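The values are calculated or read from the model by the stated rules, or taken from the named source; none is laboratory data. Treat the numbers as computed from the prediction; the structure is a model and nothing was measured. No Cβ is skipped: glycine too gets one built from the backbone with ideal geometry, and neighbour counts run over all protein chains shown. SASA here: full protein model, heavy atoms, side chains in, ligands and nucleic acids out. Shrake-Rupley method; radii C 1.70, N 1.55, O 1.52, S 1.80 Å.
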Amino acid sequence: DQQVKQNSPSLSVQEGRISILNCDYTNSMFDYFLWYKKYPAEGPTFLISISSIKDKNEDGRFTVFLNKSAKHLSLHIVPSQPGDSAVYFCAASDRRSYNTDKLIFGTGTRLQVFP
Amino acid sequence: DVKVTQSSRYLVKRTGEKVFLECVQDMDHENMFWYRQDPGLGLRLIYFSYDVKMKEKGDIPEGYSVSREKKERFSLILESASTNQTSMYLCASSLPGREKLFFGSGTQLSVL
């Protein structure tokens, strides 16, 4: 049972435009969310996170939005650059549970930014 | 610069072999994790460890075991490799209470 879902396996965006990556979750106990980026032949690297007490967190070109009622989060990249081409994973955790450090990952979205 | 090192980048094994995947971190992190990455399934947690000699099952522990004798080293063991264990294996570490994981580059295991 996939608790964290990324329904778009791939996304193609022109350089300079906005990239929007979506993520849905089913477990209402999740209260902390993260995005990771993965290049080929490398491990995932942390990108940005958001706590459930917020609905938006921004870091440079990257903004994460959280809609708790819809159990949905999205990552916006503006403007998109060719170097952003990678696989993006969203992840969630329940900080109130025993295993607070355990992350549940989504299936990933491959973003391609073309010139 | 923080580092998580996985001993092999590529590994080819035969069905039934015992396989060891090694992971070492130099950040003095208490938490260590083993994930596998498969197309369409994302990253799935196999086992994790909060401290030396401690281990907890993740979401897909069947067919795997782990060993953590030293804080910096976390080993994943496939007791009898099977073809459905062909996958990319990723090791990660983190500090307690911190969801930010640091990953190694991964080991692509092929079981023939």
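Points to keep in mind about this one:
- Here the contact order of chain A, divided by its residue count and restricted to Cα pairs under 8 Å and six or more residues apart, works out to 37 percent.
- Here the translational diffusion coefficient of chain A follows from Stokes-Einstein with Rh set to the Kirkwood radius across Cα pairs; for 25 °C and 0.890 mPa s it amounts to 173 µm²/s.
- Residues of the stretch B:81-106 whose accessible area (probe 1.4 Å, heavy atoms of protein chains only) drops by at least 40 Å² once all protein chains are present, relative to their chain alone: B:99, B:100, B:101, B:103.
- Averaging the sequence gap over all C-alpha pairs within less than 8 Å and six or more residues apart, then dividing by the number of residues, gives chain B a relative contact order of 36 percent.
- Reduction of at least 20 Å² in accessible surface, 1.4 Å probe, comparing all protein chains with the chain by itself, residues of the stretch A:18-62: A:36, A:38, A:41, A:43, A:44, A:46
- Using a Förster distance of 45 Å, the FRET efficiency for residue B:51-residue A:81 (Cβ separation, nearest 0.05): 0.65
- Taking all protein chains together, A:94, B:59 sort by accessible area into B:59, A:94, largest first [probe 1.4 Å].
- Percent carbon-and-sulfur accessible area, the stretch B:4-103, ignoring ligands, DNA and RNA, probe 1.4 Å: 50 percent
- Note that the protein assembly as shown presents 48 Å² accessible area per residue, ligands and nucleic acids not counted, probe 1.4 Å.
- Using a probe radius of 1.4 angstrom, the carbon and sulfur fraction of the accessible surface of chain A is 48%.
- Between residue A:61 and residue B:86, the modelled label-to-label distance comes to 3.7 nm, taking each label 7 Å out from Cα in the direction of the beta carbon.
- Once the mean of 1/r is taken over each pair of separate Cα atoms and inverted, the stretch B:4-103 shows a Kirkwood hydrodynamic radius of 13.6 Å.
- With all projection directions averaged, the alpha carbon convex hull of the protein assembly as shown covers 12.3 nm².
- The B-A contact accounts for roughly 1900 square angstrom of buried accessible surface, both chains included, probe 1.4 angstrom.
- Within a straight-line Cα-Cα reach of under 17 Å, residue A:56 can be paired with the following aspartates and glutamates, leaving aside sequence neighbours fewer than 8 residues apart in one chain: A:24, A:31.
- Remark: the stretch A:32-37, residue by residue, has Karplus-estimated 3J(HN,Hα) of 8, 10, 9, 10, 10, 10 Hz, where x stands for each Gly or Pro and the curve is 6.51 cos²θ - 1.76 cosθ + 1.60 at θ = phi - 60°.
- Only beta bridges with both residues in chain A are counted; by DSSP, about 90 percent of them are antiparallel.
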